[in-house]
Amino acid sequence: MDTFDWKDKYEYLVMDAREAIRKVQPGDRIFVGTGCGQPQHLVNSLVEHGGHISDAHIIHMLTMGAAPYANPKFREKFKMNSFFIAENVRGAFDEGVGDYTPIFLSDIPRQFESGRISLDVALISVTPPDVNGLCSLGVSVDIVKAAAANANLVIAQVNTNMPRTMGDSFIHVNNIDAMVPFDEPVIPVEPAASNDTLRAIGRNLARLIDDGSTIECGIGRIPQAMAEFLHDKKELGIHTEMFGDWIIELIECGAVTCSKKTINRNKVVASFCMGSQKLYDYIDNNPMFEFHPTEYVNDPFVIAQHEKMVGINVGLEIDLTGQVCADSLGYQFYSGIGGQVDFIRGCARSRGGKPIIAIPSTAKGDTISRIVPTLTEGAGVVTTRGDVHYVVTEYGIAYLHGKSIRERVLSLINIAHPKFRKELVQAAKGQHYIHPDQIEMEWDKVRYPQELERCETLKDGTEIFFRPVKPTDERALSEMLYSLSAESVKKRYFTHTRTFPHKDVQKLTNVDYEQNLAIVGIVPGAEGVEDIVAIAQYFLDPKTQVAEVAFIVQDEWQDKGMGFVLLDYLTRIAIDRDVKSFYATVLPINKSMLQLFYNSGYKVNTEFDGDSYSIKYDLTK
């Protein structure tokens, strides 16, 4: 079989970079290929052989290679307009050399097509053409395909090191005006090292991802950190703007199969990738991967067609009402809008979808909080408070959608770094976001005991999630208390009161988890809502190490073994913490509670004063 010689067949298109760059004219609007697919040789040649060029406009998105045109000495020759500010040009933008266009990623191709952003030249990277004249755009299809389709002059660097990716990722040589053969490594991006904060965020994210979900992950270190906590998931799918090396381990461990995807089943769908050479070798001619243009991958309508679509994107800062800034640090433009809003809105429309903002609670070595009373002056809102659903930090998960300002504030404070929670509470009071009598804990000294979270099965087979109470449980606990029958209220509070005001209920939800511990029983409610159906508490006297215990179980959940499970669990916690004994006061009409203590397995001492029983049992025997 004869070897296909593309250089011979398309000799009329083949030239060196110097000759190709001569075709660029002064004043041209020049698109530079995206990310790790940047044609580095062409970009360097643009500066080296572009002596005839002046007042040209460089249009790009995420640039990962060299950006010599960003040097201030070329200010009169090249001006920049970026849809996403990468690290290699950030300094130039800070000095006013470049311009930034904030735009949803899914909208950019339409700007090219309509001519609102006209393109004279597109500098792109491709694989060598196959026998049909088709070149793959490789690791970066994204907005590159639309740019090439709408530019007057397409100059392609033909790189044999570029992976040949499948999908809607090809351009025919008939649509290329100059082909410059030049081999160079595809820009590598090695996986970033993880740390305890990122792993904690990854662990919390994994809790939100159900088997059969389809996942999108934005840029940054969080996706890599999350991957290790997804190994036990089943039949996950991928529909994402981009991916990195993390995808390899999830495919090889069997977590990602794409077999349950609603559309593009059995395919990993993305528009670009950034990773190591190992990743580029992995995707080369791999039919499991399909690369599609941004106008498809980031279309909220397409995203929404996936059931259980989970979108994970990052923020730089979020205020207490839920406004997310993701593209600027105050007045300094730092990155870009990217595909965050595309996926937030698409996932929100997905059946069972979960739009997530993941953000470390602090920055600059824990010296500043990323959860703030108000956004930094000059900071822009990328994701509005009306679009936000889940927010995840290393300290937990907050669900904000449909919540009041007060509920949002408390939810976000609950997942802020403990050292900043008190000042956030005080700021929220000053802004009248929360009640003036909201309890202020010494949160830098209070640690939420996540290790006490667990699932238990009741005697009827129902699974209940038990965890320590949180300040954000006030509304759910209040609703449970108001749902109690008069008899249940009487048994617990020795009165027929039917009033459970904020000032009282918040005392049940703001605890120190040491002297005052409360465990709640949770069942799933409406989307993003946890319904509390039981609470068990102990109040410890640290001098005697003796604790009073109390229980409430919602009427419809009584007689299912809930009380026994709660008492047993609370007892085991107390023993581990060297509590010496439990005591409780029980009315004679509360026969189920009396029976519960008698069946605890401990020797129970009982005294009756004519009105109530005093129950006590030793935990040290």
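One table, with the values for the structure above:
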item	result
Residue list for region 380-396, restricted to those being of a type outside the set (D, E, K, R), in contact with a strand residue (DSSP E or B) (Cβ under 9 Å, 6 or more places away or on another chain) and at pLDDT 95 or above	381, 382, 383, 384, 388, 389, 390, 391, 392, 393
Complete set of residues in region 1-43 that are in contact with a Phe, Trp or Tyr (Cβ under 7 Å, 6 or more places away or on another chain) and on the phi > 0 side of the Ramachandran plot	35
Selection count, region 326-340, where residues are surrounded by 24 or more Cβ atoms within 10 Å (Cβ to Cβ) and among the hydrophobic types (A, V, I, L, M, F, W, C)	1
Residue list for region 373-407, filter: β-branched (Val, Ile, Thr) and under 24 Å from residue 343 (Cβ atoms)	381, 382, 383, 384, 388, 391, 392, 393, 397
Answer residue from region 397-419, given it is in contact (Cβ under 8 Å) with a residue 12 or more places away in the chain and among the charged types (D, E, K, R) and is nearest to residue 474 (Cα to Cα) among those	407
Exclusive hit being within 22 Å of the chain's Cα centre (by Cα), buried (at least 22 other Cβ atoms within 10 Å of the Cβ) and of a type outside the set (Asp, Glu), set 398, 428	398
Residues of region 123-179 satisfying the condition of being farther than 23 Å from residue 105 by Cβ, in a loop (DSSP other than H, G, I, E, B) and hydrophobic (A, V, I, L, M, F, W, C)	131, 176
Of all residues making up region 258-282, the number that are outside any loop (DSSP other than H, G, I, E, B) and either in contact with a Ser or Thr (Cβ under 6 Å, 6 or more places away or on another chain) or not assigned by TED's automatic domain parsing to the domain that holds residue 308 (or both)	3
Only listed residue being in contact with an Asp or Glu (Cβ under 9 Å, 6 or more places away or on another chain), among the hydroxyl-bearing types (Ser, Thr, Tyr) and assigned to a strand (DSSP E or B), chosen from 569, 583, 602	583
Search result, residues across region 92-121 that are assigned to a helix (DSSP H, G or I) and either on the phi > 0 side of the Ramachandran plot or surrounded by 18 or more Cβ atoms within 10 Å (Cβ to Cβ) (or both)	92, 93, 105, 106, 108, 109, 111, 112
Residues (surrounded by 16 or more Cβ atoms within 10 Å (Cβ to Cβ), modelled with pLDDT of 90 or more and touching an Asp or Glu at 6+ places or on another chain (Cβ under 9 Å)) located in region 50-63	53, 56, 57, 61
Residue list for region 576-617, filter: closer than 19 Å to residue 563 by Cα, exposed (fewer than 13 other Cβ atoms within 10 Å of the Cβ) and either without any contact (Cβ under 8 Å) to a residue 40 or more places away in the chain or out of contact with any Lys or Arg (no Cβ under 9 Å at 6 or more places or on another chain) (or both)	588, 591, 595, 599, 601, 603
Count - residues of region 184-199 that are closer than 23 Å to residue 30 by Cβ and either without any contact (Cβ under 8 Å) to a residue 60 or more places away in the chain or among the β-branched types (Val, Ile, Thr) (or both)	2
Residue match in region 273-280 (condition: buried (at least 22 other Cβ atoms within 10 Å of the Cβ), under 21 Å from residue 125 (Cα atoms) and free of Cβ contacts under 8 Å to residues at least 40 places away in the same chain)	yes
Residue tally, condition over 23 Å from residue 478 (Cβ atoms) and surrounded by 15 or more Cβ atoms within 10 Å (Cβ to Cβ), over region 520-564	6
Elements of type helices (runs of 4 or more DSSP H) contained in region 436-526, each with 2 or more residues being in contact with a strand residue (DSSP E or B) (Cβ under 8 Å, 6 or more places away or on another chain) and free of Cβ contacts under 8 Å to residues at least 60 places away in the same chain	474-483, 502-509
Residue 230 being assigned to a helix (DSSP H, G or I), at pLDDT 95 or above and either of a type in the set (Ser, Thr, Tyr) or outside the structural domain of residue 105 (by TED's automatic domain parsing) (or both)	no
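The values are calculated or read from the model by the stated rules, or taken from the named source; none is laboratory data. Since the structure is predicted, the reported quantities are computational estimates derived from the model, not experimental observations. Positions of Cβ are backbone-derived with ideal geometry, glycine not excepted, and every protein chain shown enters the neighbour counts.
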